[in-house]
Amino acid sequence: GLQVGQPPKRMIIAVVLSAGQSSRMGRPKALLPIEGQRFIERIIRVLGLSTVARTIVVLGHHADQLRGQLEHLPVEFVINPDYHSGQLSSLQAAIRHIKNDDRCDGILVHLVDHPFIDVALVDKLIEGFFDTKKLIVVPRYKEKRGHPVIFSRELFEELLNAPVDQGAKAVVNAHRQDTLQIDWQDEGITLDIDTPELYRQHVR
């Protein structure tokens, strides 16, 4: 148990969703090059420099092929066989994987097609989460919400029971009063690079 006077361990687990088919991109977004590395490597490197405790990557489409290329990374893999049901099913697979870990205070959810993740932002979101005890923390660029997003463990059951067709949005919309929005001055938080055009425009 906790010794008297010892602060409780703060533990946020990062969840990177990388299970989709990348159909509009035509090749796995996780492996797209950016600044001499791949999207997923850049995301995982940034998370590794942040105050998250550990990182889980959810794979689905071509899971074996991707895992083979990513085995050198310091992450745990969760395979979502149901990935064609959409993003929420991947988030649910991750939550089922960690929900019995009582030390976990919440998850920081990131998408593999958002390569412009920033250590300072990740840490600021986590700090805001513990300071305000809000259930959801989202970054915002000029009124537009971005990623990553933190969900408190108090929402795990709700996320596991959310309607698959609505995704996590249903849960987000139900907790507007319990959401902390953090303004951020970098458009990168809102950029999802999911077509060749966007890749050429923002990454090349």
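The values are calculated or read from the model by the stated rules, or taken from the named source; none is laboratory data. Predicted, not measured: the structure shown is a model, and the values here were computed from it. Every residue, glycine as well, gets a Cβ built from its backbone with ideal geometry; the counts of neighbours run over all protein chains shown. Keep in mind that these areas ignore ligands, DNA and RNA; they rest on the heavy atoms of the full protein, side chains included. Shrake-Rupley method; radii C 1.70, N 1.55, O 1.52, S 1.80 Å.
Return yes or no: is residue 87 open to solvent by 60 Å² or more (accessible area, probe 1.4 Å) and over 20 Å from residue 148 (Cα atoms)? The answer is no for residue 87. Of the residues examined, residue 99 is not one that is on the phi > 0 side of the Ramachandran plot and over 12 Å from the mean Cα position of the chain (by Cα). Report yes if residue 93 is outside any strand (DSSP E or B), open to solvent by 50 Å² or more (accessible area, probe 1.4 Å) and of a type in the set (A, V, I, L, M, F, W, C), otherwise no. No; evaluated as a whole, the condition is false for this residue. With respect to being aromatic (Phe, Trp, Tyr), closer than 19 Å to residue 47 by Cα and open to solvent by less than 30 Å² (accessible area, probe 1.4 Å), residue 77 falls outside the description.
Residues that are without any contact (Cβ under 8 Å) to a residue 24 or more places away in the chain and either of a type in the set (Lys, Arg) or in contact with a His (Cβ under 7 Å, 6 or more places away or on another chain) (or both) do not occur anywhere in segment 90-103. Of the helices (runs of 4 or more DSSP H) entirely within segment 102-204, those holding at least 2 residues that are within 17 Å of the chain's Cα centre (by Cα) and buried (at least 16 other Cβ atoms within 10 Å of the Cβ) occupy 119-132, 156-160, 169-174.
When segment 12-30 is limited to residues that are open to solvent by less than 30 Å² (accessible area, probe 1.4 Å) and not in a loop (DSSP other than H, G, I, E, B), the one that is farthest from residue 114 (Cα to Cα) turns out to be 12. Number of residues in segment 125-155 that are touching a strand residue (DSSP E or B) at 6+ places or on another chain (Cβ under 6 Å) and charged (D, E, K, R) equals 4. Considered as a group, the residues in segment 46-64 that are in contact (Cβ under 8 Å) with a residue 24 or more places away in the chain and open to solvent by 30 Å² or more (accessible area, probe 1.4 Å) include one that is farthest from residue 129 (Cα to Cα), and that residue is 62.
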